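Following this message is one structure expressed as structure tokens.
The values are calculated or read from the model by the stated rules, or taken from the named source; none is laboratory data. Just so it is clear, the structure is predicted and the values come from calculations on it, not from any experiment. Here the Cβ positions follow ideal geometry from the backbone for every residue, glycine too, while neighbour counts run over all protein chains shown.
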Amino acid sequence: MIQIGLDPGVKTGYCVMINGEVSTAGAVETLRGVYKLLCDTRPDEVVFEAFHRGQGLQPEHVYTIEVIGVIHLFVENASSAGGFVKLFQQSPGAKRPTQDRAKAILRGLPTAKIPEKDRPHAQDALAHLLVHND
């Protein structure tokens, strides 16, 4: 089974797991990049952090909402093409119990696999996957 965890934002963190093992992780910075990542990965499941608005709405929040729209578009397109992708959303706080484990797992991967600047975003995406799989 192929799963992808996503932490939507200006830098959208991602982590791909194949049969429960981390395959790749990193971050993408464009809507097209998010869509291409999903198309290239061909996941069976997508787990992502839902948007929860705090006190204000900033421009980066609007972009986060757009990323989530791209995720939904991918799932709809995959379904209409005869595939079936399960979609799961989690609250931002859901990842807290698995943050340390996610950090340790990513630390064990070669740096070449995940650029240092992308690790915090990839870590959040992996933390969401770990919560989902627990």
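One residue is enough: does the stretch 112-129 have a residue meeting the conditions polar (S, T, N, Q) and free of Cβ contacts under 8 Å to residues at least 60 places away in the same chain? Spell out the reasoning first.
Initial filter on the stretch 112-129 (polar (S, T, N, Q)): 123.
With free of Cβ contacts under 8 Å to residues at least 60 places away in the same chain added as a condition, the list becomes none.
Looking for residues that are polar (S, T, N, Q) and free of Cβ contacts under 8 Å to residues at least 60 places away in the same chain, one finds none in the stretch 112-129, hence no.
I want to confirm something. Restricting to the stretch 87-110 and keeping residues that are of a type in the set (A, V, I, L, M) and surrounded by 12 or more Cβ atoms within 10 Å (Cβ to Cβ), which single residue is nearest to the chain's Cα centre (by Cα)? Please lay out each step first, then the result.
Within the stretch 87-110, the first condition is being of a type in the set (A, V, I, L, M), and the residues that meet it are 87, 94, 102, 104-106, 109.
Filter again for surrounded by 12 or more Cβ atoms within 10 Å (Cβ to Cβ), leaving 87, 94, 102, 105-106, 109.
Numbers: Leu87: 11, Ala94: 14, Ala102: 13, Ile105: 16, Leu106: 14, Leu109: 18 Å.
Selected residue: Leu87.
Within the stretch 90-121, how many residues turn out to be under 17 Å from Phe51 (Cα atoms) and not hydroxyl-bearing (Ser, Thr, Tyr)? Can you show your working first?
Going through the stretch 90-121, the residues under 17 Å from Phe51 (Cα atoms) turn out to be 90-96, 121.
If we keep only those that are not hydroxyl-bearing (Ser, Thr, Tyr) too, we end up with 90, 92-96, 121.
Summing the residues that are under 17 Å from Phe51 (Cα atoms) and not hydroxyl-bearing (Ser, Thr, Tyr) in the stretch 90-121 gives 7.
Additional query: Could you tell me whether the stretch 59-66 includes any residue that is touching a helix residue (DSSP H, G or I) at 6+ places or on another chain (Cβ under 7 Å) and more than 17 Å from Ala94 (Cβ to Cβ)?
Kept after step one, since they are touching a helix residue (DSSP H, G or I) at 6+ places or on another chain (Cβ under 7 Å), are these residues of the stretch 59-66: 66.
Pick out the ones that are also more than 17 Å from Ala94 (Cβ to Cβ) and you get 66.
Yes; the residues of the stretch 59-66 include at least one that is touching a helix residue (DSSP H, G or I) at 6+ places or on another chain (Cβ under 7 Å) and more than 17 Å from Ala94 (Cβ to Cβ).
I'd like to check which strands (runs of 3 or more DSSP E) are fully inside the stretch 1-86 and have at least 2 residues that are surrounded by 13 or more Cβ atoms within 10 Å (Cβ to Cβ) and of a type in the set (Gly, Ala, Ser).
On the way: elements: 2-7, 12-18, 21-28, 45-49.
Correct list: 21-28.
Output the residue which, of all residues in the stretch 111-126 that are surrounded by 13 or more Cβ atoms within 10 Å (Cβ to Cβ) and in a loop (DSSP other than H, G, I, E, B), is modelled with the lowest pLDDT.
Quick first cut of the stretch 111-126, residues surrounded by 13 or more Cβ atoms within 10 Å (Cβ to Cβ) only: 113-114, 118-126.
Cutting the leftovers down to in a loop (DSSP other than H, G, I, E, B) gives us 113-114.
Values: Lys113: 70, Ile114: 80.
Filtering the stretch 111-126 for residues that are surrounded by 13 or more Cβ atoms within 10 Å (Cβ to Cβ) and in a loop (DSSP other than H, G, I, E, B), the one modelled with the lowest pLDDT comes out as Lys113.
Of the conditions (1) of a type in the set (Asp, Glu); (2) over 19 Å from Gln123 (Cα atoms); (3) at pLDDT 95 or above, Glu60 fails just one. Which one is it?
(3)
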